[in-house]
Amino acid sequence: MDPSRLMALVRFGWYRLMALFGHCTGQFNIGYMYAKGYGVPQDAEKAVAWYLKAAEQGDVHAQSNLALMYVKGQGVEQDDGKAVHWYRLAADQGSTNAQCNLAFMYLHGRGVAEDPAQAVHWYRLAADLENPSAQCNLGVLHANGNGVRQDQVLAYMWSELAAAQGYELARENRDRFAQGMTAAQIEEARRLAREWAPGTRVDAQPAPVAT
């Protein structure tokens, strides 16, 4: 037997033993292995069943993965409302991926009424935990004035923060935003990015007017 498959079977057996004793980490990992077909035949329905056991015990990873299964309709009937429910529980526990996904659902009205302001709220929570995807999306929302006041300086600042983490889309957005900004606005945005720290409430200062 291939060593990697043998190791996967050993891990599955260990996780199953944990799960039988009600350990949510074991339940989550069994679900994950069924979802990916690691050591066992791929089975989305069994993955959902095990994710649900762990999610109901508060496992944040299981809650996020279960939400995604509802979004995609894998192993369960597609249901954006249930996806939002599980994303919210994971987001409330501080999962930045869940916060970003919940923001997306609000932004596009999937499973909830469309509410860009709520999208901004959840993206901001994730951005404060230095999630580059959330920072990038905040940049776009500020650039478009969607759910938040339009502000090119803050759009540049959030994009700069995400780009500094290697997020390529944010770098592209930052450079595009810069084309419609003055040199003073760009410098202000860079200053805000340099001085930013998680939890900082940022407001751009008006750029000086040349006389």
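Would you call ASP175 of a type in the set (Asp, Glu) and out of contact with any helix residue (DSSP H, G or I) (no Cβ under 6 Å at 6 or more places or on another chain)?
On the way: of a type in the set (Asp, Glu): yes; out of contact with any helix residue (DSSP H, G or I) (no Cβ under 6 Å at 6 or more places or on another chain): yes.
For ASP175, the condition - of a type in the set (Asp, Glu) and out of contact with any helix residue (DSSP H, G or I) (no Cβ under 6 Å at 6 or more places or on another chain) - is met.
Against the condition more than 22 Å from VAL112 (Cβ to Cβ), β-branched (Val, Ile, Thr) and out of contact with any Ser or Thr (no Cβ under 8 Å at 6 or more places or on another chain), how does VAL48 come out, does it pass?
Spelling it out, it is not the case that VAL48 is more than 22 Å from VAL112 (Cβ to Cβ), β-branched (Val, Ile, Thr) and out of contact with any Ser or Thr (no Cβ under 8 Å at 6 or more places or on another chain).
Since VAL153 meets every condition but one in (1) over 21 Å from CYS100 (Cα atoms); (2) without any contact (Cβ under 8 Å) to a residue 40 or more places away in the chain, which condition does it not meet?
Single failed check for VAL153: (2).
When residues of region 79-106 are filtered for being within 22 Å of ARG201 (Cα to Cα), over 11 Å from the mean Cα position of the chain (by Cα) and crowded, with 17+ Cβ neighbours inside 10 Å, how many remain?
Summing the residues that are within 22 Å of ARG201 (Cα to Cα), over 11 Å from the mean Cα position of the chain (by Cα) and crowded, with 17+ Cβ neighbours inside 10 Å in region 79-106 gives 0.
Residues that are more than 16 Å from the chain's Cα centre (by Cα), loosely packed, with under 15 Cβ neighbours inside 10 Å and among the charged types (D, E, K, R): does region 107-114 have at least one?
Scanning region 107-114, I find at least one residue that is more than 16 Å from the chain's Cα centre (by Cα), loosely packed, with under 15 Cβ neighbours inside 10 Å and among the charged types (D, E, K, R), so the answer is yes.
Could you say which residue among VAL120, VAL112 is modelled with pLDDT of 95 or more, part of a loop (DSSP other than H, G, I, E, B) and of a type in the set (Val, Ile, Thr)?
So the residue among VAL120, VAL112 that is modelled with pLDDT of 95 or more, part of a loop (DSSP other than H, G, I, E, B) and of a type in the set (Val, Ile, Thr) is VAL112.
Tell me, which helices (runs of 4 or more DSSP H) wholly within region 10-91 include 1 or more residues that are touching a Cys at 6+ places or on another chain (Cβ under 8 Å), small (Gly, Ala, Ser) and closer than 26 Å to ASN131 by Cα?
Those helices (runs of 4 or more DSSP H) span 44-56, 60-72.
The values are calculated or read from the model by the stated rules, or taken from the named source; none is laboratory data. Just so it is clear, the model here is predicted, and its values are computed rather than measured. When we count neighbours, we look across all protein chains shown, and the Cβ atoms used for this are built from the backbone with ideal geometry, even at glycine.
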